[in-house]
Amino acid sequence: MIKRRIGACLLSLALLFVAVPCAFAWGPNAERLVTSKAVDTLPPEIGTFFDSNRRFLVQHVTDSAATSNSDPAARGNGFIALDHYGGFPFAGLPRSYTAAVRKYGRRTVDKYGLLPWQVGVYSQKLTQALESRDWQAAKLAAAALAHYVAAAHDPFDTTTNGDGSLSNQPGVNQRFGGGLVDRYQLFFFVKPNEAIYIKDPTDHAFEMVLSAHAWLENILNADRLAHQDLAGYSDEYYDRFYAQAGAILVRQLSDASTDVGSYWMTAWINAGRPKLPSK
């Protein structure tokens, strides 16, 4: 009886982890690339401060991923499994966290991810740090915000199939967000647009994850085709995968860079446009 109960508990835990996607699908090099490019989107009024702290931001953008790996309570912050809530465009999921909890329950909402709301939280944290002229806190908040905004552009941070296991493609998230970037980043150009003001940070974060999710099936299909007739994930596989999914990768990294800069600038504007130090 005891063995059966233990077995049932282990099975329940296994199903729980299958149902929840892997957090933080982008590799560290992708996050660093996005963060560095985001600095170049900013207007001169704040560009000098962020440029002088570019190295700090690039170094600390991956801190939130490390926290998630060591703290299970933070796991849900970096993804949202939109397809748990029905079909695209997931109109039944309220964009207010309070309303979502009222409809689905806190346990469900927390389990299936908090990414758009986390973007809103860190947008506010950066605003508050800039308002109080706490420049060290502002740098840390800007790095964390960059992490979550970048995550919102990764299609694998928007689905229950976060590591590809549900489509029998385990590791596709790492091959897309890590392998392709690590192998080809010297050969493609991330070209963000100039930063713009974001009226509603949380609502815009939902638009980002919806846009990212729309590319998911294209990437999964590209992975299937690239792996066809191959025993493993060789150079030939990656060349095929990049040929078919590289344009999506570059688009998402470019859009992520634009949005990171836009969130930074928005926080500064909402803070009353304080004069930033040169360093």
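Things to note:
- GNM flexibility winner over the chain from T108, T158, T258 (Cα, springs under 10 Å): T108
- When the Gaussian network model of the chain links Cα atoms closer than 10 Å, the mean-square fluctuations of A226, A214, A91 top out at A91.
- Going from the fewest other Cβ atoms within 10 Å to the most, the residues K199, K111 appear in the order K199, K111.
- Between I269 and A243, the FRET efficiency estimated from the beta carbon spacing at R0 = 45 angstrom works out to 0.65.
- For I80, the residues whose modelled amide H falls within less than 5 Å of its own, excluding neighbours fewer than 5 places apart on the same chain, are L115, T158, T159.
- For the listed residue pairs K111/K275; K125/K191; K103/K125; K103/K139, the alpha carbons are over 31 angstrom apart in K111/K275; K103/K139.
- Most fluctuating residue given options L57, L220, L186, as computed from a GNM of the chain linking Cα atoms under 10 Å: L186
- Tilt relative to the chain, helix 115-131 - C-alpha long axis, 0 to 90 degrees, to 10: 20 degrees
- Of the residues A231, Q244, L114, the one whose Cα sits farthest toward the positive end of the charge dipole of the chain, with +1 on the Cβ of Lys and Arg and -1 on the Cβ of Asp and Glu, is L114.
- Shown for I46, I196: other C-beta atoms within 10 Å of each C-beta, ranked fewest to most, produce the order I196, I46.
- Under Karplus coefficients 6.51, -1.76 and 1.60, residue-wise ³J(HN,Hα) of the range 27-43 in Hz, glycine/proline x: x, x, 5, 5, 5, 5, 4, 4, 5, 5, 5, 4, 4, 6, 8, 8, x
- One decimal place: the segment R102-R54 gains 13.2 nm when fully extended, by the rule 0.36 nm per residue minus the C-alpha distance.
- Residue-averaged [θ]222 nm for the chain, counting only DSSP H segments that reach four residues, each worth -39500 (n - 2.57): -19000 deg cm²/dmol
- The chain: angle of helix 235-270 to the longest principal axis, Cα-based, in degrees nearest 10: 40 degrees
Only the coordinates and a few stated rules stand behind these numbers; no lab work does. What you are looking at is a predicted structure, and each value in this text was computed from that prediction instead of being measured. Cβ sites come from the backbone with ideal geometry, for glycine too, and all protein chains shown count toward neighbours.
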